[in-house]
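Everything on this sheet refers to the single structure shown next.
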Amino acid sequence: MVTLTSADNALKKVYLEVISNQLNTNANPFLAKIEQTSKDVWGKEIVKVAPFGINGGIGAGDEDGALPASAENKYVKFVTELKNLYGKIEISDKAIRASENNVGAFVNLLNAEMEGLIKASQFNFGRMLFGDGTGKIATISAVSSGAMTVDTVKNMIEGLVVDIYTSAESKVVSGARITAVDRANKKFTVDKELPETVVATCFVTVQNSYGKELTGLGAIFGASTLYGVTKATNAWMNPYTATISSISDSALQTAIDYLDENVGSVVDYITCSSDVKRAYIAYLATSRQNFEYMELQGGFKAISYNGIPVVSDRFVPDSTMYLLNTKEFALHQLCDWQWLAGEDGRILKQNSGYATYSATLVKYADLICNKPAGQAKLTLSA
């Protein structure tokens, strides 16, 4: 017989391991390359001491002359708050009672909920890896008959619950669910009537996430301050960036050589938007080069550039390619994915005032890049 207790046990002992594996290794090929660690987590913050430059205590001299003066390693302190990541499922009391004498039916019910949670979490986690931490997923350029035209729909999908803010960061729409995405024309609609305050220059975020997301590649390459360190006065914090007229082996190698010669950083992973990948494949075909394929951790496949995987990712901005040293990245976390449990240890809890039960998956983490200058970004001009 199926009970809330048996459902709780299934979530703890069966589904948690599966979900963790799916989200840690199969959510995104970039994430699968990154170390996940609980080091440097202090309370609600990540405090990471990162070295830059080299030890200065070296030199040549006379046989009987003074030895080189010591000059210790140079360090800077990175500080960032742990971001609170959540995923939630909901099951009605009616569904539980209807399947209490049919274990198979209840397993199917839980499987369906878990698959939905994993799919949604993979989408959101993958999106945040390439975001700038603000949570902005699009900026509105026009509103007509309830449909909003935006600069990009890469980060949108039907069913996603979003908020809308004015350019002055005032929330004007809360908890609206996306009902349709017109990807060809970069438009979307929601299940709520739009107030007159929704106009061009408003921006869209995932529900309750504004300013609370992971420090993704968008912040590493775009923010003026990173982990509490100002880039303008710390040039070694600035990644390599270049705009190129066309994609080629020469353009890639120029960036790779720069990182190797100037920063001592070895690129081991390249990720790009699908339009850049198509341009690179076209270049290889034109230059009559054979495609080399690689299989990555998590079952992902990639083409190869001199043994370096080149992976297209739906969340990379158009016309963009990142050349990364993934050994300089780590996802620092307080703990791995866990179910939020009450004082009684229960995972499934009744929603107050409703005949439904919910369970919440949590993780407290943020992404740290130890050497931002060891990363590169190429932008393909129009």
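The values are calculated or read from the model by the stated rules, or taken from the named source; none is laboratory data. Remember, predicted model here, so these are calculated numbers, not experimental data. When we count neighbours, we look across all protein chains shown, and the Cβ atoms used for this are built from the backbone with ideal geometry, even at glycine.
Return yes when residue 299 is closer than 26 Å to residue 47 by Cα, out of contact with any strand residue (DSSP E or B) (no Cβ under 8 Å at 6 or more places or on another chain) and not charged (D, E, K, R) and no when it is not. It is false that residue 299 is closer than 26 Å to residue 47 by Cα, out of contact with any strand residue (DSSP E or B) (no Cβ under 8 Å at 6 or more places or on another chain) and not charged (D, E, K, R).
Let's see how each residue does on (1) at pLDDT 95 or above; (2) under 31 Å from the mean Cα position of the chain (by Cα):
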| residue | (1), (2) |
| --- | --- |
| 65 | no, no |
| 71 | no, no |
| 74 | no, yes |
| 101 | no, no |
| 127 | no, yes |
| 143 | yes, yes |
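Rundown of residues vs (1) modelled with pLDDT under 95; (2) under 13 Å from residue 372 (Cβ atoms); (3) polar (S, T, N, Q), yes/no style:
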position: 215; (1), (2), (3): no, yes, yes
position: 232; (1), (2), (3): yes, no, no
position: 243; (1), (2), (3): no, no, yes
position: 267; (1), (2), (3): no, no, no
position: 272; (1), (2), (3): no, no, no
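Would you check if there is a residue in the range 370-382 being surrounded by fewer than 16 Cβ atoms within 10 Å (Cβ to Cβ), more than 29 Å from the chain's Cα centre (by Cα) and in a loop (DSSP other than H, G, I, E, B)? No, because not a single residue in the range 370-382 is surrounded by fewer than 16 Cβ atoms within 10 Å (Cβ to Cβ), more than 29 Å from the chain's Cα centre (by Cα) and in a loop (DSSP other than H, G, I, E, B). Just a yes or no: is a residue in the range 313-320 surrounded by 16 or more Cβ atoms within 10 Å (Cβ to Cβ) and of a type in the set (A, V, I, L, M)? Within the range 313-320, one or more residues are surrounded by 16 or more Cβ atoms within 10 Å (Cβ to Cβ) and of a type in the set (A, V, I, L, M). Just so you know, in the range 92-145 the residues that are small (Gly, Ala, Ser) and under 30 Å from residue 225 (Cβ atoms) include one that is surrounded by the most Cβ atoms within 10 Å (Cβ to Cβ), and it is 135. All conditions but one from (1) surrounded by 15 or more Cβ atoms within 10 Å (Cβ to Cβ); (2) outside the structural domain of residue 141 (by TED's automatic domain parsing); (3) in contact (Cβ under 8 Å) with a residue 60 or more places away in the chain apply to residue 243; the one that does not is (1).
One residue stands out in the range 288-310 among those that are among the aromatic types (Phe, Trp, Tyr) and surrounded by 13 or more Cβ atoms within 10 Å (Cβ to Cβ): the one that is farthest from residue 251 (Cα to Cα), namely 300. In the range 146-155, of all residues being in contact (Cβ under 8 Å) with a residue 40 or more places away in the chain and either assigned to a loop (DSSP other than H, G, I, E, B) or within 15 Å of the chain's Cα centre (by Cα) (or both), the one that is surrounded by the most Cβ atoms within 10 Å (Cβ to Cβ) corresponds to 155. Given the structure, is residue 263 surrounded by 16 or more Cβ atoms within 10 Å (Cβ to Cβ), touching a Gly at 6+ places or on another chain (Cβ under 6 Å) and either farther than 16 Å from residue 33 by Cβ or in the same structural domain as residue 26 (by TED's automatic domain parsing) (or both)? So residue 263 passes the test. Within the range 10-47, being out of contact with any Asp or Glu (no Cβ under 7 Å at 6 or more places or on another chain), closer than 16 Å to residue 333 by Cα, part of a loop (DSSP other than H, G, I, E, B) and not aliphatic (A, V, I, L, M) holds for 38, 39, 40, 43.
So is residue 50 at pLDDT below 85 and in a loop (DSSP other than H, G, I, E, B) or not?
No: the conditions fail for residue 50.
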